[in-house]
Amino acid sequence: MNRKRFVGALLVAAIAAVASWTIVDAQGFKTKQPTPADWSGLAKLPDFTGVWEAVTVGRGGGAGRAGGPPRGPQLTPAYAVKKRALEGRRAEDAETANCLPPGMPGIMGQPYPYEFMLTPGKVTIVGEAYMQVRHIYTDGRPMPTDPDPTFNGTSIGRWEGETLVVETTAFSDSTNMDRNTPHSDKMKIVERFRLAEPDRMTVETTVTDPEALTAPWTTTRTLARHRDWTTREYICEENNRNYVDAQGKAGINLKDSPAEKKEQE
């Protein structure tokens, strides 16, 4: 075999090895083609399909406990210092100015609609805010051993009777668990979705983080279904007047804005 063919053979072998590793390690689960029985089985699950909107919204995406305001995350001393540092430089404003989505759990606490879609082995949530899509796998796959950190994390779900229980891990360090509240790489979020009424859904969200939190942080939110709604396009950069300066401070450019034009008239 000449050198050119030898190098080509090595390249093909390397690509095959990487592809094989990707299938086994990154996916860690071989999906199967849905059968007619799988599709008909969806009728036995709670009817989550449709467009939903928050009824009550509390701090950090929760309605809080009855009789008082929602309780925020209880931070360890080290993460309380980090929170104060973020508050000092208003990091969340810079993220908004750059049109970055909040990630989990904040993306589920937006005052915008969500569309739920159920298919065999998966629940898909399309949030109008930032046009974010969450894939919750309910096909029995395990949590990947080394998932890539992302804004919304990796979500694995299971059905416990009428409740969809979702565990999510592996979050980008560009996200916060709450406003100006960072998390460690050990943060885990467990959500419980359940129909309280035919067109009412409760979402209980519990955040645990052994490095950042002294105790689990739980919030509850209620969603109402609007059967005649559809989600709309959300383009953050369109007509965006926010900016971030060289020091990382966020600002807003009101030049030629509708408000300014009205004042000039």
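Each reported figure results from applying straightforward, stated rules to the coordinates on display, with no laboratory input. All of these numbers come straight from a predicted model, not from anything done at the bench. Quick reminder, even Gly has a Cβ in these numbers, built from the backbone with ideal geometry, and neighbours come from all protein chains shown.
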Quick check: is even one residue across segment 172-186 free of Cβ contacts under 8 Å to residues at least 12 places away in the same chain, among the charged types (D, E, K, R) and either buried (at least 22 other Cβ atoms within 10 Å of the Cβ) or on the phi < 0 side of the Ramachandran plot (or both)? no
I'm trying to understand the selection: among the residues of segment 161-177, which are of a type outside the set (A, V, I, L, M, F, W, C) and touching a strand residue (DSSP E or B) at 6+ places or on another chain (Cβ under 8 Å)? E162, T163, E167, T168, T169, S172
Would it be correct to say that T219 is over 13 Å from M108 (Cα atoms), crowded, with 18+ Cβ neighbours inside 10 Å and not acidic (D, E)? no
Does segment 98-122 hold any residues that are at positive phi and crowded, with 21+ Cβ neighbours inside 10 Å, and which are they? G103
Considering only segment 138-162, state which residues are more than 15 Å from K188 (Cα to Cα) and free of Cβ contacts under 8 Å to residues at least 40 places away in the same chain. T138, R158, E160, G161
I189 is checked against (1) surrounded by fewer than 17 Cβ atoms within 10 Å (Cβ to Cβ); (2) touching an Asp or Glu at 6+ places or on another chain (Cβ under 8 Å) and fails just one. What number does that condition carry? (1)
Just to be sure before I move on: is V207 closer than 20 Å to A78 by Cβ, assigned to a strand (DSSP E or B) and not basic (K, R) in the structure I sent? yes
